[in-house]
Amino acid sequence: RILVVTRDKTKTTVTITTTTKTNQHHHIIMSNAQDLLSILGGAGGASNRPSASRAGGVGSTTSGTTETSILNFKAGKMNTRLKPNGKYLVEPDSRRGELHIVWTTAGAAVAGGSVGHLKLEWKDRRTKTTVNTIPIFPADDATFERVETGREGDRVYLLQCGNNNADSRHFFWMQDKDVEPDEDICVKVNLYMSDYSEA
């Protein structure tokens, strides 16, 4: 399945090409981003209980900085790539993932009084490796909000930070079956991104 997205000032047009067992091709045109997100499926394939956590791990890097994961929860992601023809190729990532909110403090700043910065890390839960790192600054006015896809059960969230362009938009969907923690997670993510004193 291949998704091609074309954006202008007023709408997003999505073309989906699928191939059946009889090699027939089907093309569907959708008029907005919600329709695109609705094909992703909200709950993912995870069967474990939610792992959202306020107190995460603490580690030190070789540069003398200290990193603390202050919140983490299971979430998948969607990859968006700009093609030479100006269209966007959007592909769901099938891996089981985990999103971490990480507070980083420079070694020199620790003694002087807790100056640091925030970043979001998306990790592959199988390999335990960090795949994407997104720095977050207060001036970015970053937001983390649920996207209504028009289909009941979808739990898709949009991280928007900085300028309103493709590079500043990151889509994730919850991979736990338990929907109850979703709202609390969303509130915490927005709180930490907007106010460093809460991190």
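Quick check: anything in the range 132-140 within 30 Å of Lys83 (Cβ to Cβ), open to solvent by 60 Å² or more (accessible area, probe 1.4 Å) and in contact with a helix residue (DSSP H, G or I) (Cβ under 6 Å, 6 or more places away or on another chain)?
No, the conditions are met nowhere in the range 132-140.
The rows are residues; the columns are (1) at pLDDT below 90; (2) in a helix (DSSP H, G or I); (3) closer than 17 Å to Asn72 by Cα.
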{"position": "Asn132", "(1), (2), (3)": "no, no, yes"}
{"position": "Gly150", "(1), (2), (3)": "yes, no, no"}
{"position": "Asn164", "(1), (2), (3)": "yes, no, no"}
{"position": "Phe171", "(1), (2), (3)": "yes, no, yes"}
{"position": "Asp176", "(1), (2), (3)": "no, no, yes"}
{"position": "Glu180", "(1), (2), (3)": "no, no, yes"}
{"position": "Glu183", "(1), (2), (3)": "no, yes, yes"}
{"position": "Val189", "(1), (2), (3)": "no, yes, yes"}
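In the range 154-199, which residue that is surrounded by 14 or more Cβ atoms within 10 Å (Cβ to Cβ) and hydroxyl-bearing (Ser, Thr, Tyr) is nearest to Ser94 (Cα to Cα)?
Tyr157
For the range 90-104, give me each residue that is open to solvent by less than 20 Å² (accessible area, probe 1.4 Å) and at pLDDT below 90.
Val90, Asp93
When the range 169-199 is examined, which residues are found to be in contact (Cβ under 8 Å) with a residue 12 or more places away in the chain, more than 19 Å from Gly97 (Cβ to Cβ) and polar (S, T, N, Q)?
Result: Asn190, Ser194.
The values are calculated or read from the model by the stated rules, or taken from the named source; none is laboratory data. Keep in mind it's a predicted model, so treat the numbers as computed, not measured. Counting neighbours? That spans all protein chains shown, and the Cβs are built from the backbone with ideal geometry, glycine included. With ligands, DNA and RNA removed, areas are computed over all heavy atoms of the protein, side chains included. Shrake-Rupley method; radii C 1.70, N 1.55, O 1.52, S 1.80 Å.
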